[in-house]
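Read through the structure below, which is laid out as structure tokens, and then see the notes.
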Amino acid sequence: MPVKLVIGTSHKTYFGYQQTQAWCQQVAEIVRALPDATASALQLFTFPAMPALAAALEAFSGTTMATGAQNVCAAPPGAWTGETSATMLQEMGCRYVEIGHAERRRHFGETIDVINQKLDRAFACELTPVICIGEEHRMSIENASAFACQQVDELLAHRRASPLPAAIFAWEPQWAIGAPEPASDEYIRGVCSALRTYLHQRYGAQFQVIYGGSAGPGLLSRLWPDVDGIFLGRFAHQPQAVASILAEAQALLSTRSAG
């Protein structure tokens, strides 16, 4: 099966409910306008805030844009006030869930044990996890690659299923978040390429690696094919910015087809 180019977006809590609805409706029209060949070669997902999941699912119904949740309860359904179960997300029609973001680790104290429990719930409910990883301090490409592989092993090495369910690893160096200068293209390509090779050799080709850091026009072209795609944040909060990234992806896919 051909590998698809992955493009994900997250709203975090920047949007209100009405703004989320408007964004989803506008982006849905952009996605519907993609040529069939492009749409079938893209793997698209978006993470709205939890209260807007139903609205997003409705807006993107019938399109190739999947909807997912920014978080999931680490336990099965039960007495977990304020949490959202993987079972409910699956029942609603969600197909992805974000797990282990640096903000969750730093501000909400999520440990590897908790992240593993959330991964259990995602796999059990056939949700594709988008697992956020990345080093806290600046390292060499070689050391950052080794650290990323270590993070992967903490989540996958103890699992006995063969093959393991598919997952996406969104790598972003935490030291680059909000820094005056982002990680260099060479750094990103080096770590993501090494991580993907490790994943495929040890766990299987069903695992993908995307870059989860600050993204803008041209970044996907500079990183691909050393990454499987990108995970967009605030840049994608304007629907026309999403359109520009999708146009860039279409050009890359055309180049791949010609090659």
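Brief remarks on what is shown
- Looking across the stretch 188-207, the residues that are over 22 Å from Gln174 (Cβ atoms) and not hydroxyl-bearing (Ser, Thr, Tyr) come down to His200, Gln201, Arg202, Gly204, Ala205, Gln206.
- Taking the criterion of being assigned to a loop (DSSP other than H, G, I, E, B) and of a type in the set (A, V, I, L, M), the only residue of the stretch 126-136 that qualifies is Leu127.
- Given (1) closer than 16 Å to Ile133 by Cα; (2) in contact with a helix residue (DSSP H, G or I) (Cβ under 6 Å, 6 or more places away or on another chain); (3) not β-branched (Val, Ile, Thr), index of the condition Gln250 fails: (1)
- Pick from the stretch 1-35, criterion of a type in the set (Val, Ile, Thr) and at pLDDT 95 or above, ranking: surrounded by the most Cβ atoms within 10 Å (Cβ to Cβ): Val27
- Set side by side, the residues Leu223, Leu199 differ, and just one is of a type outside the set (Phe, Trp, Tyr), closer than 30 Å to Arg160 by Cα, buried (at least 16 other Cβ atoms within 10 Å of the Cβ) and at pLDDT 95 or above, which is Leu199.
- Test: residue in the stretch 115-135 that is at pLDDT below 95, surrounded by fewer than 16 Cβ atoms within 10 Å (Cβ to Cβ) and not aliphatic (A, V, I, L, M): no
- Considering Gln238, Gln208, the condition of being in contact with a Phe, Trp or Tyr (Cβ under 9 Å, 6 or more places away or on another chain), of a type in the set (S, T, N, Q) and surrounded by 14 or more Cβ atoms within 10 Å (Cβ to Cβ) is satisfied by Gln208 alone.
- Members of the stretch 53-94 that are farther than 13 Å from Val27 by Cα and touching a Phe, Trp or Tyr at 6+ places or on another chain (Cβ under 6 Å): Gly68, Gln70, Cys73
- Filter result (of a type in the set (Ser, Thr, Tyr) and in contact with a Cys (Cβ under 7 Å, 6 or more places away or on another chain)) within the stretch 210-242: Tyr211
- Residue within the stretch 137-144 that is surrounded by 14 or more Cβ atoms within 10 Å (Cβ to Cβ) and part of a loop (DSSP other than H, G, I, E, B) present: yes
- Of the residues making up the stretch 89-120, those that are closer than 17 Å to Thr67 by Cα, charged (D, E, K, R) and in contact (Cβ under 8 Å) with a residue 24 or more places away in the chain number 2.
- Restricting Gly68, Gly82, Gly62 to those that are under 25 Å from Leu156 (Cβ atoms) and not aromatic (Phe, Trp, Tyr) reduces the list to Gly68.
- Comparison of Thr67, Thr111, Thr87 shows that the only residue that is at pLDDT 95 or above and within 19 Å of the chain's Cα centre (by Cα) is Thr67.
- Only helices (runs of 4 or more DSSP H) whose full extent lies in the stretch 154-259 are considered here, and the ones with at least 3 residues that are touching a Pro at 6+ places or on another chain (Cβ under 9 Å) are 185-202, 239-258.
- Inter-residue pairs, beta-carbon under 8 Å, first hydroxyl-bearing (Ser, Thr, Tyr) and in the stretch 40-53, second in a helix (DSSP H, G or I), 6+ apart: Thr46/Cys24; Thr46/Val27; Thr46/Ala56
- Lone unmet requirement of (1) closer than 22 Å to Gln90 by Cα; (2) crowded, with 16+ Cβ neighbours inside 10 Å; (3) of a type outside the set (S, T, N, Q) for Ala54: (2)
The values are calculated or read from the model by the stated rules, or taken from the named source; none is laboratory data. These numbers were taken from a predicted model, which means no experiment stands behind them. Note: ideal-geometry Cβ built from the backbone for every residue, glycine included; neighbour counts use all protein chains shown.
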